[in-house]
Amino acid sequence: MTGRKIDVECREVGLRDGIQIVKTFVPTGEKIRWIRETVAAGMPNMQVCSFVPPKLLPQFSDASEVAAAALEQDGLWVSALTPNMRGAQTALAIGVHEIDFMNSVSETHSQSNGRRSTAEALAEFKRVVELRDSLPEGQRFKLAGGFATSFGCSLEGHVPHKAVLKSVENFVKAGVDEVVIADTVGYGNPRDVKSLFKKIIDNFGDDVMVGAHFHDTRGLGLANVYAALEAGCRRFDASLAGLGGCPFAPNATGNIVMEDLVFLLEGAGMNTGIDVDKLLPIRDIITKNLPDEPLHGTYAKAGAPKGFPWTASTNSTQE
């Protein structure tokens, strides 16, 4: 899997989205070990923390130390989530490569999750854009906007495509570098996903990178990945062992499983640069430090089929 151009970029978000609502604190050294071993498996990109007040999310009280350690890993693109200007300033001081700004398409979710309206979120984002643009061109961080509840909201129900497109348009005009379309609570289905991603890529793909962030709340996570892939998306978030979840989706499972995502993409003939079998032992970090958290994933249970990883020549013989 190495030595070839990466066709699809995967980003590990377990250290942020995967553990943000877990009450048990994962020791800083174990978080850093998680990063180091994931990079050794070939992971090119990790969202390693969220810069939020520790009183709100104690899990990230060591965010600066974890992010600094991640930046020491050769070849790793380091991103961090922030909800506001203060968090962005902290991320800038640490030197992360990418700042991901939280945003909800659903007005009700924005008020409940971020304690602000969607208009207020956009205004705060513009302040972060000004911060980025105030830096010398060679020192500017990449700025991504995450669009939570892009397919539906536990508080509002279905979210129309036109609302997502308008929100993305506002952020593109404001100066975002990348947009990440998120199915926060598992309302998306493959038909809806393919339709929305095609609209976004057709309208904004020349100006910004388009990524996807799916949760497996109702078991359609990987099906939605393939639908987005068919629409032209080439960047996907996932979490080791499917850790994560949303407090506004009771009893929901977390993110799509990174191991299963890599297996899907590699099986489809697309190079991720990741050795999926090297990811499996890293699950032991979760078992050790979060023994009460369920581990998901079918690849971890069944293992590799005979002959995997398949090559282009293997796939050609199957036609």
Please tell me if G95 is farther than 17 Å from E37 by Cα, touching a residue at least 24 places away in the same chain (Cβ under 8 Å) and loosely packed, with under 15 Cβ neighbours inside 10 Å. yes
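Out of G175, G245, I need the residue that is on the phi > 0 side of the Ramachandran plot and at pLDDT below 95. Which one?
Working: G175 fails: at pLDDT below 95.
Of G175, G245, the one residue that is on the phi > 0 side of the Ramachandran plot and at pLDDT below 95 is G245.
Return yes when S117 is more than 21 Å from the chain's Cα centre (by Cα) and closer than 23 Å to Y187 by Cα and no when it is not. Outline the logic, then answer.
Values: more than 21 Å from the chain's Cα centre (by Cα): yes; closer than 23 Å to Y187 by Cα: yes.
Against the criterion (more than 21 Å from the chain's Cα centre (by Cα) and closer than 23 Å to Y187 by Cα), S117 qualifies.
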Among the candidates S64, S134, S106, residue that is of a type in the set (S, T, Y) and open to solvent by 70 Å² or more (accessible area, probe 1.4 Å): S134
Which numbered condition in (1) in contact with a Ser or Thr (Cβ under 6 Å, 6 or more places away or on another chain); (2) in a helix (DSSP H, G or I); (3) surrounded by 24 or more Cβ atoms within 10 Å (Cβ to Cβ) is the only one that I181 fails? (2)
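Being part of a helix (DSSP H, G or I), of a type in the set (A, V, I, L, M, F, W, C) and out of contact with any Leu (no Cβ under 9 Å at 6 or more places or on another chain) is the filter here, so list the residues in the stretch 201-226 that pass it.
Going through the stretch 201-226, the residues part of a helix (DSSP H, G or I) turn out to be 201-204, 221-226.
Pick out the ones that are also of a type in the set (A, V, I, L, M, F, W, C) and you get 201, 204, 222-223, 225.
Within the stretch 201-226, I201, A223 meet the criteria.
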If we ask which residues in the stretch 75-129 are touching a Cys at 6+ places or on another chain (Cβ under 8 Å) and among the basic types (K, R), their number turns out to be 0
When residues of the stretch 1-26 are filtered for being open to solvent by 60 Å² or more (accessible area, probe 1.4 Å) and either of a type in the set (F, W, Y) or over 20 Å from the mean Cα position of the chain (by Cα) (or both), how many remain? 7
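Please find, among I201, I285, the residue that is modelled with pLDDT of 95 or more and in contact with a strand residue (DSSP E or B) (Cβ under 7 Å, 6 or more places away or on another chain).
None of the other options fit; the residue is I201.
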Residues of the stretch 109-121 that turn out to be assigned to a helix (DSSP H, G or I) and surrounded by fewer than 18 Cβ atoms within 10 Å (Cβ to Cβ), as a count: 4
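Taking the condition open to solvent by less than 10 Å² (accessible area, probe 1.4 Å) and among the charged types (D, E, K, R), does D192 pass?
Numbers: open to solvent by less than 10 Å² (accessible area, probe 1.4 Å): no; among the charged types (D, E, K, R): yes.
For D192, the condition - open to solvent by less than 10 Å² (accessible area, probe 1.4 Å) and among the charged types (D, E, K, R) - is not met.
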Quick one: in the stretch 281-299, of everything that is free of Cβ contacts under 8 Å to residues at least 40 places away in the same chain and more than 20 Å from F263 (Cβ to Cβ), which residue is surrounded by the most Cβ atoms within 10 Å (Cβ to Cβ)? T287
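Does V164 count as outside any strand (DSSP E or B) and touching a Phe, Trp or Tyr at 6+ places or on another chain (Cβ under 7 Å)?
Details: outside any strand (DSSP E or B): yes; touching a Phe, Trp or Tyr at 6+ places or on another chain (Cβ under 7 Å): yes.
Yes.
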Does the stretch 151-169 contain at least one residue that is under 22 Å from A88 (Cβ atoms), crowded, with 17+ Cβ neighbours inside 10 Å and within 18 Å of the chain's Cα centre (by Cα)? yes
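The values are calculated or read from the model by the stated rules, or taken from the named source; none is laboratory data. Here the structure is a predicted model, which is why all the values come from computation and not from measurement. A quick note on method: Cβ atoms are made from the backbone with ideal geometry, for glycine too, and the neighbour counts reach across all protein chains shown. For accessibility, only protein heavy atoms count, side chains too; no ligands or nucleic acids. Shrake-Rupley method; radii C 1.70, N 1.55, O 1.52, S 1.80 Å.
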